[in-house]
Amino acid sequence: MDISVSQVIFGILAAVIVVFSVLAVSSRRVLHSATSLLFVLLATAGIYFMLDYHFLAAVQITVYAGGILVLFVFSIFLTSQAGTKMSAAPLLKRIAGFVAAFAGAAVCLVIILKNSLKVAETFSANEMDMAKIGMDLMGTGKFQYLLPFEAISILLLACIIGGILIARKR
């Protein structure tokens, strides 16, 4: 069985995503969690680059790794002390978290295995049109996503204002 360079790189990126995802949710220091999230987002952009989705990779780096993560870090600095450790969760909550994580992983695995053949049959190599994707994402018709996009932007604005108000009261 020959392993290509792209498979090795994919394995490394997948391992980085898994390891830093676990570190992001298990670290007791909030700033360490945000840094781990940065590595997850950058490795995800690396996978997009491997798939030749250069636009999506650039959006991943600029919007998520650049914008959203900076928002998280500002929120951390505005609402709490960055160097303080969080208290450990009770054992019952940790067990419930592990059970929920494994249940979610099992559901995702079943869905992936059930639908993997359908996806391979549906899409061919040159079938995706960038203009159609853009219209589907930012259109106002049925099954288009402009309204949820705007709702999320309002939610993020409310989070920023709430963080500023909390920091201002201190």
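The values are calculated or read from the model by the stated rules, or taken from the named source; none is laboratory data. This structure is a prediction, so every number in the text was calculated from the model and none was measured. Using ideal geometry, Cβ is built from the backbone for each residue, glycine included, and neighbour counts are taken over all protein chains shown.
At-a-glance table
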| quantity | calculated |
| --- | --- |
| In region 139-148, the residues that are assigned to a helix (DSSP H, G or I), loosely packed, with under 12 Cβ neighbours inside 10 Å and among the hydrophobic types (A, V, I, L, M, F, W, C) | Leu147 |
| Test for Val63: is it within 18 Å of the chain's Cα centre (by Cα), at pLDDT 90 or above and not acidic (Asp, Glu) | no |
| Residue check, Val99 within 27 Å of Ile154 (Cβ to Cβ), surrounded by 10 or more Cβ atoms within 10 Å (Cβ to Cβ) and either modelled with pLDDT under 70 or not assigned by TED's automatic domain parsing to the domain that holds Ile160 (or both) | no |
| Helices (runs of 4 or more DSSP H) wholly inside region 1-69 containing at least 3 residues that are of a type in the set (Phe, Trp, Tyr) | 30-50 |
| Criterion: under 19 Å from Leu156 (Cβ atoms), surrounded by fewer than 18 Cβ atoms within 10 Å (Cβ to Cβ) and in contact (Cβ under 8 Å) with a residue 12 or more places away in the chain - qualifying residue of Phe72, Phe77, Phe39 | Phe72 |
